[in-house]
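Undergrad: Once you've had a glance at the structure underneath, I'll fire off some questions.
The values are calculated or read from the model by the stated rules, or taken from the named source; none is laboratory data. What you see is a predicted model, and the numbers here were worked out from it, not measured in a lab. Heads up, the Cβs are rebuilt from the backbone with ideal geometry, glycines too, and the neighbour counts pull from every protein chain shown. What goes into the accessible areas is simple: the full protein's heavy atoms, side chains included, and nothing from ligands, DNA or RNA. Shrake-Rupley method; radii C 1.70, N 1.55, O 1.52, S 1.80 Å.
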Amino acid sequence: MLRKRWRVLRYEKGNAAYNMALDEAIAEAVAFRVAGPTMRFYGWEPAAVSIGRFQKLDEVVDMQECERLGVEVVRRSTGGGAVFHDQEITYSVICPEDMMPADINEAYREIGGWIVNALKLIGIEGTFEPINDVLVNGKKISGSAQSRRKGIFVQHGTLIYDLDRA
Amino acid sequence: MERRLRVAGGKTLALDLECQGDEVVRIMVSGDFFFYPEEGLERLESFLVDKKVWKAEDPEGEIANFLSTNRYRAVGFAPSDLAFLLRGLKC
């Protein structure tokens with residue numbers, strides 16, 4: 001499926017607004033053909049909650065508690081549910097829509113397959129679970145959300161590697 | 001006024017109504033679903049109000065037809081779920 005050379009933006013941490021704004025800017029740059037298809041890896045500092053494009057903020061986030069804990073809140077351009085971002089690697093895949101399968105489920109499967117293969121390289125056996133999850137030992141470690149606008153495909157996803165339950 | 005449904009598969013689908021007197025003037029659809037293309041959801045909301053889909057003989061069919069005609073795709077809820085929330089709608 002990869003017909004073009006991908007640009008890879010290496011892992012860096014940013015705050016919630018920066019992280020989402022940069023993905024938007026990349027999507028715009030790809031749309032205007034001033035940037036090629038891009039994979040970006042990033043983290044969140046401080047920890048943050050992102051909510052889906054169609055969710056109502058006051059219903060899914062306790063803003064007072066987030067403020068008390070110093071957790072930032074941001075809306076994604078992609079659908080899906082609220083996600084707490086802390087000890088994880090987040091990725092975005094941004095490219096012209098025609099580089100991805102037209103079928104939404106197939107596109108999730110394609111990128112899910114990349115993650116499963118990457119995990120295998122470091123000795124972790126993962127499985128793709130439709131619609132958009134990757135499981136290890138039967139438990140979800142990665143979820144994703146996709147958008148397609150103006151001919152540009154964007155998929156956000158997470159890969160959790162630890163959890164601070166405190 | 002809000003109506004909410006936990007859809008099979010675990011997603012949440014909610015409707016918010018805006019009324020002027022007895023008339024529904026706006027419907028907002030929210031939840032943790034996916035909708036492609038995203039900007040199509042606003043058109044769906046307008047369609048529901050303009051056509052008063054809750055009064056239609058076959059609301060589910062009307063919604064399904066609107067989605068397929070416009071090549072919109074909802075992932076996480078079905079036309080029947082939205083039709084269920086629209087049942088007997090009034091301000």
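Undergrad: Go through segment A:131-148 and report how many residues are open to solvent by 10 Å² or more (accessible area, probe 1.4 Å) and away from every other protein chain (no Cβ under 14 Å).
TA: 6
Undergrad: Consider only pairs whose beta carbons are under 7 Å apart and that are at least six residues apart or on different chains; among these, list those whose first residue lies in segment B:57-70 and is free of Cβ contacts under 8 Å to residues at least 24 places away in the same chain and whose second residue is buried (at least 16 other Cβ atoms within 10 Å of the Cβ) and among the small types (Gly, Ala, Ser).
TA: Sorted first by the residue in segment B:57-70, then by its partner, the pairs are B:60/B:83; B:63/B:83; B:67/B:74.
Undergrad: While we're here: Among the residues of segment B:46-55, are any under 13 Å from the mean Cα position of the chain (by Cα) and within 20 Å of residue A:149 (Cβ to Cβ)?
TA: The answer is yes, given that some residue of segment B:46-55 is under 13 Å from the mean Cα position of the chain (by Cα) and within 20 Å of residue A:149 (Cβ to Cβ).
Undergrad: Within segment A:109-127, can you find the residues that are surrounded by fewer than 19 Cβ atoms within 10 Å (Cβ to Cβ) and not in a helix (DSSP H, G or I)?
TA: Correct list: A:122, A:123, A:124, A:125, A:127.
Undergrad: In segment A:39-74, how many residues are touching a helix residue (DSSP H, G or I) at 6+ places or on another chain (Cβ under 6 Å) and either of a type in the set (A, V, I, L, M) or more than 26 Å from residue B:41 (Cβ to Cβ) (or both)?
TA: Result for segment A:39-74: 5.
Undergrad: Another question, if that's okay. Please work out which one of (1) touching a residue at least 24 places away in the same chain (Cβ under 8 Å); (2) under 15 Å from the mean Cα position of the chain (by Cα) is the condition residue A:97 fails and give its number.
TA: Of everything listed in (1) touching a residue at least 24 places away in the same chain (Cβ under 8 Å); (2) under 15 Å from the mean Cα position of the chain (by Cα), residue A:97 misses just condition (2).
Undergrad: In segment B:65-91, what count of residues is obtained for those that are open to solvent by 40 Å² or more (accessible area, probe 1.4 Å) and either within 11 Å of the chain's Cα centre (by Cα) or modelled with pLDDT under 95 (or both)?
TA: Going through segment B:65-91 one residue at a time, the tally reaches 8.
Undergrad: Right, another one. When residue A:91 is evaluated against the numbered criteria (1) within 14 Å of another protein chain (Cβ to nearest Cβ); (2) closer than 30 Å to residue B:6 by Cβ; (3) touching a residue at least 60 places away in the same chain (Cβ under 8 Å), which criterion, by number, is the only one it fails?
TA: Every condition holds for residue A:91 apart from (1).
Undergrad: If I filter segment B:21-28 for residues that are in contact with a helix residue (DSSP H, G or I) (Cβ under 9 Å, 6 or more places away or on another chain), surrounded by 14 or more Cβ atoms within 10 Å (Cβ to Cβ) and more than 10 Å from chain A (Cβ to nearest Cβ), do I get at least one hit?
TA: Checking segment B:21-28: at least one residue is in contact with a helix residue (DSSP H, G or I) (Cβ under 9 Å, 6 or more places away or on another chain), surrounded by 14 or more Cβ atoms within 10 Å (Cβ to Cβ) and more than 10 Å from chain A (Cβ to nearest Cβ).
Undergrad: Could we say that residue A:55 is surrounded by fewer than 16 Cβ atoms within 10 Å (Cβ to Cβ), at pLDDT 95 or above and polar (S, T, N, Q) here?
TA: no
Undergrad: Can you name the number of the only condition in (1) loosely packed, with under 14 Cβ neighbours inside 10 Å; (2) within 11 Å of another protein chain (Cβ to nearest Cβ); (3) not small (Gly, Ala, Ser) that residue B:32 fails?
TA: It is condition (1) that residue B:32 fails.
Undergrad: If you go through segment A:45-70, how many residues are in contact (Cβ under 8 Å) with a residue 12 or more places away in the chain and within 29 Å of residue B:9 (Cα to Cα)?
TA: 13
Undergrad: Let me ask something additional. State all residues of segment A:149-166 that are in a strand (DSSP E or B) and either open to solvent by less than 20 Å² (accessible area, probe 1.4 Å) or under 21 Å from residue A:44 (Cβ atoms) (or both); if no residue qualifies, say none.
TA: Selection gives A:152, A:153, A:154, A:155, A:156, A:157, A:158, A:159, A:160.
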